[in-house]
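Read through the structure below, which is laid out as structure tokens, and then see the notes.
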Amino acid sequence: MGMLEADGVYVDVRGRSILRGVSVTLEPGRFYAVIGPNGAGKSTLLKLMSGELAPTLGEILLDGAPLREFSPGALATRRAVVAQSAPLSFPFRVEDVVALGVTVPGFATATSDAAVARAMAAADLHDLRGRLYTQLSGGERQRVQIARALCQLFGSPVPPEQTLLLFDEPTSNLDLPHQLHLMRLARAEARAGRAVLAVLHDVNLAAAWVDTLIAVRNGAIVAIGPPHQVVTEAVLENLYGTKLRLAGLDGFAVPVVLPHDAASDASLAPVMRAS
């Protein structure tokens, strides 16, 4: 099934509690986003779910088996990760970096070229073909890393519904068109059967695209559910510790989140009425 589960996990670092009793299940075919303030434990949760980090207490389970029991090669066929940053100082071509996704044991070399081409097309890298990775902007490098993760899954011998795609703040360096492209891509991969999890700071972007929001504060989940249940003034003010206002827009099931001061600014009224 490709089900990934955090079962009562705790993470303590140097006596500080980063995550406290977190339980969450990622199911195939669904797009999840983790939201919350800085230092809430969002990236730590993603590192646990990817197997990069081991919990202090509790267990991460993949199809009911402890994630720690999977070999690196076996795990590589099941999940791909796009980290916040991926330093690379060698002057590799874009295609070479994307191809790193299938340069692990257990992948058939005969499918590598097709996986690279498919991933580059999916990540909209036609304009970067042949460029050196070290000469790219931060946003362009992010797109290449997204393609590298896709290449890993496209080249995997495991069917999509048994795989997971994990993003840690993937939109942080992207311009608006590529943010939207990424969200479409992530949702399409979920509809193809994968479980997709992204750590996102933009609540409006997350709520517009994902199936389930996971709200984390002070190392604990404070709300989890479809966007219309999580994106409320009560939940978000508790989550971020600040006053917010929600504005309904025609054609949108989930309201837009605005800072309290901006929402009460008379200069915004014509804009909101026009919307």
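The values are calculated or read from the model by the stated rules, or taken from the named source; none is laboratory data. Fair warning: this is a prediction, and the values are worked out from it, not measured in the lab. Cβ sites come from the backbone with ideal geometry, for glycine too, and all protein chains shown count toward neighbours.
Structure summary
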| read-out | value |
| --- | --- |
| Among (1) closer than 21 Å to GLY155 by Cβ; (2) assigned to a strand (DSSP E or B); (3) out of contact with any helix residue (DSSP H, G or I) (no Cβ under 8 Å at 6 or more places or on another chain) - the single one VAL81 does not satisfy | (3) |
| Some residue of region 64-78 being in contact with an Asp or Glu (Cβ under 9 Å, 6 or more places away or on another chain), surrounded by fewer than 18 Cβ atoms within 10 Å (Cβ to Cβ) and not in a helix (DSSP H, G or I) | yes |
| Selection from region 223-255 of residues that are of a type in the set (Val, Ile, Thr), within 27 Å of GLY21 (Cβ to Cβ) and in contact with a helix residue (DSSP H, G or I) (Cβ under 6 Å, 6 or more places away or on another chain) | VAL231 |
| Selection status of ALA119, over 27 Å from GLY41 (Cβ atoms) and in a helix (DSSP H, G or I) | yes |
| Within region 92-116, tally of residues that are in a loop (DSSP other than H, G, I, E, B) and modelled with pLDDT under 85 | 6 |
| Qualifying residue in region 38-45 (condition: surrounded by fewer than 23 Cβ atoms within 10 Å (Cβ to Cβ) and of a type in the set (D, E, K, R)) | no |
| Selection status of ALA207, buried (at least 20 other Cβ atoms within 10 Å of the Cβ), farther than 18 Å from PHE154 by Cβ, in contact with a helix residue (DSSP H, G or I) (Cβ under 6 Å, 6 or more places away or on another chain) and not polar (S, T, N, Q) | yes |
| Test: residue in region 29-45 that is of a type in the set (Phe, Trp, Tyr) and at pLDDT 95 or above | yes |
| Of residues in region 210-256 being of a type in the set (D, E, K, R) and not in a loop (DSSP other than H, G, I, E, B), the one surrounded by the most Cβ atoms within 10 Å (Cβ to Cβ) | ARG217 |
| Matching residues, region 48-57, being touching a residue at least 24 places away in the same chain (Cβ under 8 Å), surrounded by fewer than 18 Cβ atoms within 10 Å (Cβ to Cβ) and either touching a His at 6+ places or on another chain (Cβ under 8 Å) or in a loop (DSSP other than H, G, I, E, B) (or both) | GLU52, THR56 |
